Amino acid sequence: MWYLPRESHRDVSGLPKDTNLTDSDKPTPLQSRASGPLTGKVRVPGDKSISHRALILGALAVGETRISGLLEGEDVLNTAKSMQALGARVERTGDFAWKVNGVGVAGFAEPKAPLDFGNSGTGCRLVMGAVAGCPISAVFDGDASLRSRPMRRILDPLEKMGAKVVSGGAGGRLPLTVQGARDPLPITYKTPVASAQIKSAVLLAGLAAPGATTVIETEASRDHTELMLKHFGAEISSVQEGQHGRRITLVGQPELHGANVIVPADPSSAAFPIVAALIVEGSEIVLSDVMTNPLRTGLFTTLREMGASIEESEARGDAGEPMAKLRVRASKLRGVEVPPERAPSMIDEYLVLAVAAAFAEGTTIMRGLQELRVKESDRLEATAAMLRVNGVKVEISGDDLIVEGRGHVPGGGVVATHMDHRIAMSALVMGCASDQPITVDDTAFIATSFPDFIPMMRSLGADFS
Ligand code: S3P
């Protein structure tokens with residue numbers, strides 16, 4: 001039987017008034033214990049990266065954009081609210097179906113109140129880029145986690161294009177007020193780290209600049225912005241740069257036209273049931289429509305190298321984004337070495353890979369994880385702590401994470417989630433096969449990216465209580 005996500009609580013006629021999870025909300029702990037085999041077919045929610053971009057490009061296009069399969073998680077809903085605050089018309093028309101009427105490139109209106117992105121670095125940074133190309137000022141803010149994350153990496157190129165930080169931003173942190181450029185300049189920018197957020201912010205600001213804006217990356221990051229800009233009618237090209245990099249050039253001031261977007265299922269969310277099925281003996285699950293863009297599938301490559309049975313079928317695509325059905329069977333895993341250049345294609349998946357590594361036989365070495373330190377939490381430290389408190393031997397060596405797999409995990413620990421959805425979900429997955437139950441201190445932040453994670457996992461047979 002196919003599990004369908006429960007109907008969203010969102011008001012069909014408009015956006016929710018307050019979607020934010022604040023640090024003052026009462027924590028909701030949960031315990032995960034070993035269960036029988038996981039079985040069934042599921043469709044995990046829409047891809048978060050594509051959902052943000054569909055709303056933002058819909059808002060910057062002329063005419064109507066229809067989005068189906070939008071992720072209705074808190075992060076994306078905050079982006080939807082910000083688009084509305086900037087003058088676009090954003091409406092929910094049915095389950096996971098949304099309509100956006102855009103204002104055109106550089107057409108954003110000055111928002112009357114601060115834009116609150118909650119927990120979402122992607123929403124905040126991409127919208128900052130889009131605002132930087134408009135002659136308006138806007139206040140950017142978020143929760144305690146987002147307020148601790150670096151924004152200088154976005155502000156540096158945007159200032160070169162003519163935007164200004166007019167208040168706040170001590171040490172490049174939120175809250176801060178950005179004054180967009182009246183006459184934005186096209187630039188050529190080499191990103192200092194492989195980051196689709198930096199690349200996308202520059203390209204979105206570049207939409208309003210005359211001439212060509214170029215971004216050079218030495219390691220290619222996810223290319224959803226490029227693919228979707230093309231889908232909305234922009235002239236954009238991408239060529240190989242060096243061994244692993246890309247040079248992306250956007251012709252400024254295009255007329256973007258509204259488009260239809262089908263959001264495939266999020267491989268970063270699929271990662272959780274996939275690893276759970278691999279580690280729980282006798283499991284076999286099927287996931288439909290999982291996005292298989294090669295710049296996102298480093299985890300699948302790594303798990304297969306570890307011996308995982310993940311079969312792909314029914315490959316198809318929409319607007320340049322490939323997707324497929326995945327069949328996953330419980331597998332004996334072995335430790336592997338994950339090269340640093342694979343990091344951009346699996347940057348959000350190391351937490352759950354570390355769980356798989358703990359259940360594998362042998363050592364897994366994950367190299368070049370410095371970017372994990374500036375995610376929703378310091379994920380390098382948090383991953384090590386999550387494993388350690390559950391009896392797994394783990395070491396951080398510089399920017400590498402080394403996990404000693406012993407084929408089983410003792411468990412019995414309480415995991416601190418640090419306002420980080422992926423820590424909560426990874427720890428609950430680990431508990432699906434650990435000797436003793438594993439507790440997470442707070443599940444509230446799971447709603448930022450995968451609101452139905454708990455019922456969906458239970459529908460497969462997970463024992464969460
Ligand atoms: C994202 C890019 C990644 C990723 C984030 C989503 C995006 O961040 O961690 O969850 O949608 O562009 P960086 O590109 O900054 O590493």
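The values are calculated or read from the model by the stated rules, or taken from the named source; none is laboratory data. The structure displayed is predicted, hence computed values, not measured ones. Backbone-built Cβ (ideal geometry, glycine too); neighbour counts: all protein chains shown. Keep in mind that these areas ignore ligands, DNA and RNA; they rest on the heavy atoms of the full protein, side chains included. Shrake-Rupley method; radii C 1.70, N 1.55, O 1.52, S 1.80 Å.
Summary table
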| item | result |
| --- | --- |
| Surface accessible to a 1.4 Å probe, residue 418 within the full protein complex, Å² | 110 |
| From phi via Karplus (6.51, -1.76, 1.60), per-residue ³J(HN,Hα) for the range 135-146 in Hz, x at Gly/Pro | x, 9, 10, 8, 8, 10, 8, x, 7, 4, 5, 5 |
| The range 48-262 shape via C-alpha gyration tensor axes, a/c threshold 1.5 | rounded |
| Nonlocal amide H pairs with residue 415, under 5 Å, H built at 1.01 Å | 439, 440, 441 |
| Heavy-atom surface of the chain, accessible at 1.4 Å and reported per residue (Å²) | 35 |
| Cleavage-rule hits (GluC sites (Glu not before Pro)) in the range 141-244: DSSP loop, at most 15 neighbouring Cβ within 10 angstrom | 235 |
| Relative contact order (percent, whole number), the range 142-265, Cα cutoff 8 Å, 6+ residue spacing | 20 |
| Relative contact order (%) - criterion: Cα under 8 Å, at least six apart; region: the range 48-262 | 21 |
| Sulfur and carbon atoms: percent of accessible area, the chain [1.4 Å] | 49 |
| Stretchable slack from residue 408 to residue 170, in nm (0.36 nm times residue separation minus alpha-carbon distance) | 81.1 nm |
| Qualifying trypsin sites (Lys or Arg not before Pro) for the range 146-214 [loop in DSSP, other Cβ within 10 Å: at most 14] | 182 |
| Residue 394 - accessible surface, heavy atoms, 1.4 Å probe, Å² rounded to 10 | 20 |
| Phi-based couplings in Hz for the range 111-121 (Karplus 6.51, -1.76, 1.60; Gly and Pro marked x) | x, 7, 10, x, 8, 10, 9, x, 9, 9, x |
| Distance between the range 385-408 and the range 307-373 - C-alpha centres, whole angstrom | 17 |
| For residue 260, distant residues with modelled amide H under 5 Å away | 66 |
| Computed [θ] at 222 nm, deg cm²/dmol, the chain (DSSP H ≥ 4; -39,500 (n - 2.57); rounded to nearest 500) | -8000 deg cm²/dmol |
| Gyration tensor verdict on the chain (Cα atoms; rounded if a/c is under 1.5, prolate if a/b is larger than b/c, oblate otherwise) | prolate |
| Vicinal HN-Hα couplings computed from phi for the range 452-465 (Karplus, 6.51 cos²θ - 1.76 cosθ + 1.60; Hz; Gly/Pro x) | 9, 4, 5, x, 5, 5, 5, 5, 8, x, 5, 9, 10, 8 |
| Theoretical FRET efficiency, 1/(1+(r/R0)^6), r = Cβ-Cβ of residue 329 and residue 458, R0 30 Å, to 0.05 | 0.90 |
